[in-house]
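Peer 1: Okay, here's the structure, questions in a sec.
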Amino acid sequence: MKFFSLIGALTVLIFSIENAHAASAQFEKLIVFAERDQVRVSASFRADETAAVEFAGKISQTANGKVLWQGLLVHTNATSGTPISISNIVAGLKPELWSPISPTLYYLEISAQRNGKMLSTKKVRFGFRSFEIRDGQFHLNGQPIFLRGVAINPPGRGIPDNVAESRKFAEDYVRFLKSQNLNIFRISTDESQVWFDVCDELGMMLYAGRYRTPPEANGLKTPPKDFAKSIAAYKKLFSGYASHPSIVEYYLSNEMPYEGERGAAFSEFLTRACVEMKKWDDTRPYIGNAGYGEGREGDVCDVHRYWGWYYNSFLTYYNLRDKLFSEPLFGDPKKNQPLTFTECVGSFTGSSGEFNVVRSKQLAPSLGWIGHTETPREDALAYQSFMTKQACESFRRMRPQNPRLAGLMPFTILFYNWSGISSFAQMKPKPVMDAMRTAYQPVLLSWECWSSQIYAGNEIKPIAHVINDDDQKRELRNATLNFHIRAKDGRELSAGKISLPAIPYFGTWSKTIPLKIPADLPTGEYFLSGNIEVQGEIRSTNSTTIFIAGGDWKNSASTNRSSRGDEALLSENLEPTHVGCYDPAGATAAALGKLGIAFERVTDLSSLPAKMNALVLGADPGNKSKLELQRFVQNGGRVLCLLSDDRSRARQSVVSLPETTPPSGEGGYGDWLPQKISFFTSSPNDTDYPP
């Protein structure tokens, strides 16, 4: 009997506690949508009885408790047990703004009172800042900013959950990325308040959202049928984002269909969803279809292109120079949207450093870029570094030609260890991280050198680019560019310096710098290096490798020529300086003239001058020239096959190639070359993976 009495008493006690909890007044939700000088407060409150309730708020700085604002938000009648929504805007504030170099944070504390009695309070942390689009570029707090990011990050990605979600790990990881000159990245899960909080505090921007299909979608087959339900799911997810100043972009989906009926259906849904979500939160830009949408939905022309990995090469990035073409390669020019690559590069190396070939589509690219090398680890890591550096630097230095270039986030694996680690220190960065740190220097010196292989005694003409994205928004003034050619052992072989003009924040400067290569250098690899110095402070350093062929190289080449019996060429200078151009129409010759390239017009290919060692073909040579061209190539001559033709697809490459190759036996390019070749006929924007 006593046992049943005890059970009954516990039941009554639990019932009383549950009813007391259900009846208590409390805040169920509190979100702050902050801009530069105002906040919009959105809260949900459940009252314990029907009566008038007064809602007040206080905004204070987290660092020192200094009160920025305090006052009444709203006075309203509440119904017992029924949630009520509170919404109000507090404007005209003068706060300290959140930024990557000054991540100032505030608390908003909201309270509910009835007749002077406190019913409930709730607090949320946030930061004041604006992130918007102006003239095709992102602007943070009213000033343009280039997004320097990376796409493959924790949590997840094989890292144990208890490690990846720990505050210590997140702090170590974010601090390291900041030390490598990154200012934005994407986490690999939909939500992690630990990571959001750390990024708020340390000053690291994030772009976040649904890295997959929209809520309620039928996979990649059809978009959500219940629009309202999908939007409700978006709002529920983004409610955990909105108060975090570090989150500067929302994306609604990733790589959704974009062609045919499916593409049209997803585009219609995502366009409508972006409009609806911006009514809810317009303090951030939206990417509707990350990677494949190209700005058809949302505010940003976002693209995923793995040039230099699955298809094409790093040179394809030069197609982003919009001024070369009648219309941009990506997006609608009328929208003037920022252009970002939130995935690119690839070159996926695993924990050993070799290219990761556990997925079928990795094998063909890895063979394409390093082949059957005897040093797969070293070569894979070197190519990954090269590709990342080329992508990041070219994207930034082409901004004067294409002002919409606004941000880059390589999708490549930056660390050796993920699975099974217990601390960030165990991840160990790969050499690619050094390349990224260099390419992401806020003030960037970048070398563009098209003659990376040169004979000793000749002159190279690299272009020095300076991009001023200084994190402190300083003008680059009273700066000196120092440049050198160095041997691998550090010896300085040639040097010079020039004074730079004043370069404003977000401005660029470029200049060709002729450099004479000493004639007595032995054959080998050398470094063209430089730095930008301001009153003794080095703001940027960078280098590129050049190959110099010395006298020993020439002697070796002469011996090889002699073994083939070509005595006529032995007495000539073997440097490729005597160029011929076969171009009856004259368009290619005119282009070479504009570039300042010295050449000799050739009208008869059946008999080429003995001194000629390089030949540019601006037209189909025809079958009658087959034997002479074969002799020319076999004797060491170089041939550049071009075709200047109004029918050519000039938008696909700076220099066009023939659209067709004559079949063997009919003359033309397909007949006289020693191997069968095929020309590039598809678009550099083609995303088909190799077999």
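The values are calculated or read from the model by the stated rules, or taken from the named source; none is laboratory data. Bear in mind that the values here come from a model prediction, so they are computed numbers and not experimental data. Reconstructed Cβ throughout: ideal geometry from the backbone, glycine too, with neighbour counts over all protein chains shown. The protein model used for the area step is the full one, side chains on, heavy atoms only, and it has no ligands, DNA or RNA in it. Shrake-Rupley method; radii C 1.70, N 1.55, O 1.52, S 1.80 Å.
Peer 1: Based only on Cα atoms, what mean projected area does the convex hull of region 216-354 have, in nm²?
Peer 2: Mean projected area for region 216-354: 11.0 nm², to one decimal.
Peer 1: Further question on the same structure: Given R₀ = 22 Å, FRET efficiency for residue 437-residue 356 by Cβ-Cβ distance, to 0.05?
Peer 2: Efficiency computed from Cβ-Cβ geometry: 0.45.
Peer 1: May I pose another question? Taking 23 Å as the cut-off for C-alpha to C-alpha distance, list the pairs among 430/511; 178/389; 461/594 that go past it.
Peer 2: Over 23 Å Cα-Cα: 430/511.
Peer 1: Can you list residues whose amide H is under 5 Å from residue 494's amide H, if they're 5+ apart or on another chain and H is modeled 1.01 Å from N?
Peer 2: Amide H neighbours of residue 494: 485.
Peer 1: List the lysines whose Cα sits under 17 Å from the Cα of residue 66, skipping any in the same chain fewer than 8 residues away.
Peer 2: Qualifying lysines at Cα under 17 Å: 58, 94, 123.
Peer 1: Here's another thing I want to ask about it. Please compute the length gained on full extension between residue 627 and residue 157, using 0.36 nm multiplied by the number of residues separating them and subtracting their Cα-Cα distance.
Peer 2: Gain on extension, residue 627 to residue 157, equals 163.4 nm.
Peer 1: In nm, give the distance between the simple-model label positions of residue 401 and residue 276, each being 7 Å from the Cα along the Cα-to-Cβ direction.
Peer 2: For residue 401 paired with residue 276, the spin-label model returns 4.2 nm.
Peer 1: Going by accessible area, probe 1.4 Å, with all protein chains left in place, what is the ranking of 54, 96, largest first?
Peer 2: The most accessible residue leads, giving 96, 54.
Peer 1: Further question: What trypsin sites (Lys or Arg not before Pro) does region 176-229 have in DSSP loop regions with at most 13 other beta carbons within 10 Å?
Peer 2: Numbers: sites: 178, 186, 210, 212, 221, 225, 229; in loops: 186, 210, 212, 221, 225.
Sparse-neighbourhood loop trypsin sites (Lys or Arg not before Pro): 221, 225.
Peer 1: How far is the Cα center of region 466-530 from the Cα center of region 277-318, in Å?
Peer 2: That distance is 33 Å.
Peer 1: Quick check: convex hull over the Cα atoms of region 442-514, volume per residue in Å³, rounded to an integer?
Peer 2: Values: hull volume 7.6 nm³, N = 73.
Looking at region 442-514, the number lands at 104 Å³ per residue.
Peer 1: Sticking with this one: On the Cα set of region 39-170, report Rg and Dmax in Å, please.
Peer 2: Here Rg and the maximum Cα pair distance are 19.6, 54 Å.
Peer 1: Evaluate E = 1/(1 + (r/R0)^6) for residue 227 and residue 255, where r is the Cβ-Cβ distance and R0 equals 35 Å; express this FRET efficiency to the nearest 0.05.
Peer 2: E between residue 227 and residue 255, to the nearest 0.05, is 0.95.
Peer 1: Which residues in region 425-469 have a backbone N closer than 13 Å to a point placed 7 Å from the Cα of residue 202 along the Cα-to-Cβ line?
Peer 2: 425
Peer 1: By how many degrees, between 0 and 90 and to the nearest 10, does the Cα long axis of helix 2-23 differ from the longest principal axis of the chain?
Peer 2: 70 degrees
Peer 1: With Cβ to Cβ distances under 14 Å as the rule, what net charge do the other residues near residue 509 carry (K, R +1; D, E -1)? Intermediate values should be presented prior to the final figure.
Peer 2: Details: positive: 396, 397, 399, 477, 511, 539; negative: 448, 469, 470, 475.
Neighbour charge sum, excluding residue 509 itself: +2.
Peer 1: Let me ask another. Over 29 Å between Cα atoms, which of 122/279; 516/676; 122/225; 473/516 qualify?
Peer 2: Correct reply: 516/676; 122/225; 473/516.
Peer 1: Return the carbon/sulfur percentage of the accessible area of the chain, one whole number, probe 1.4 Å, all protein chains in place. List each step's numbers first, then the result.
Peer 2: Details: 16050 of 31790 Å².
On the chain, the fraction of accessible area on carbon and sulfur atoms equals 50 percent.
Peer 1: Shifting gears a bit: Project the alpha carbons of the chain onto their principal axes and report the range along each, largest first, in whole Å.
Peer 2: Principal-axis extents of the chain (Cα, largest first): 116, 60, 54 Å.
Peer 1: How many angstrom lie between the Cα centre of region 156-201 and the Cα centre of region 386-449?
Peer 2: When both Cα centres are located, 18 Å separates them.
Peer 1: Next question. At what distance in nm do the modelled label points of residue 193 and residue 537 sit from each other, each positioned 7 Å from its Cα along Cα→Cβ?
Peer 2: A separation of 4.0 nm, rounded to one decimal place.
Peer 1: Per residue, how much accessible area does the chain show when a 1.4 Å probe rolls over the protein heavy atoms, in square angstrom?
Peer 2: That works out to 46 Å² per residue.
Peer 1: With only Lys, Arg, Asp and Glu charged, each at its Cβ (+1 for the first two, -1 for the last two), find how big the charge dipole of the chain is about the Cα centre; round to the nearest 20 debye.
Peer 2: Using Cβ point charges on Lys, Arg, Asp and Glu, the chain gives about 1240 debye.
Peer 1: Amide H of residue 476: which non-local residues (sequence gap of 5 or more, or other chain) have their own amide H closer than 5 Å, using H built in the peptide plane?
Peer 2: 503, 505
Peer 1: Label 7 Å along Cα→Cβ of residue 265; region 188-220 residues with amide nitrogen under 20 Å?
Peer 2: 212-220
Peer 1: Subtract the Cα-Cα distance of residue 318 and residue 472 from 0.36 nm times their separation in residues, and report this length gain in nm to one decimal.
Peer 2: 52.5 nm
Peer 1: Could I ask something else about it? Over region 319-439, what is the relative contact order in whole percent, taking alpha-carbon pairs under 8 Å and six or more residues apart?
Peer 2: Computed value for region 319-439: 34 percent relative contact order.
Peer 1: Follow-up question, since we're still on this one. I need the calculated FRET efficiency for the pair residue 510 and residue 70, taking r as the beta carbon distance and R₀ as 45 Å, to the nearest 0.05.
Peer 2: 0.30
Peer 1: On a 0 to 90° scale, report how tilted helix 193-202 is relative to the longest principal axis of the chain, with both axes built from alpha carbons and the result rounded to the nearest 10.
Peer 2: Relative to the chain, helix 193-202 is tipped by roughly 70 degrees.
Peer 1: Once phi is turned into ³J(HN,Hα) by the Karplus curve 6.51 cos²θ - 1.76 cosθ + 1.60 with θ = phi - 60°, what whole-Hz value does each residue of region 394-401 show in order, with x for glycine and proline?
Peer 2: Running phi through 6.51 cos²θ - 1.76 cosθ + 1.60 with θ = phi - 60° gives 5, 4, 7, 7, 8, 4, x, 7 Hz.
Peer 1: Let me ask you something else. Starting from the amide H of residue 74, placed 1.01 Å from N in the peptide plane, find each other amide H under 5 Å away whose residue is 5 or more places distant or on another chain.
Peer 2: When sequence neighbours closer than 5 places are left aside, the close amide H contacts are 55.
Peer 1: Right, here's the next one. Once fully extended, how much extra length lies between residue 604 and residue 419, figured as 0.36 nm per residue of separation less the alpha-carbon to alpha-carbon distance?
Peer 2: 60.1 nm
Peer 1: Of the DSSP beta bridges with both residues in the chain, give the percent that are antiparallel, rounding to the nearest 5.
Peer 2: If I count the DSSP bridges inside the chain, around 70 percent turn out antiparallel.
Peer 1: So what is the calculated 222 nm ellipticity per residue for the chain, using -39500 (n - 2.57) for each DSSP H run with n of 4 or more, over all residues, to the nearest 500 deg cm²/dmol? Could you put the intermediate results ahead of the total?
Peer 2: Details: 14 runs with 162 residues, N = 691.
Taken over the chain, the calculation gives -7000 deg cm²/dmol.
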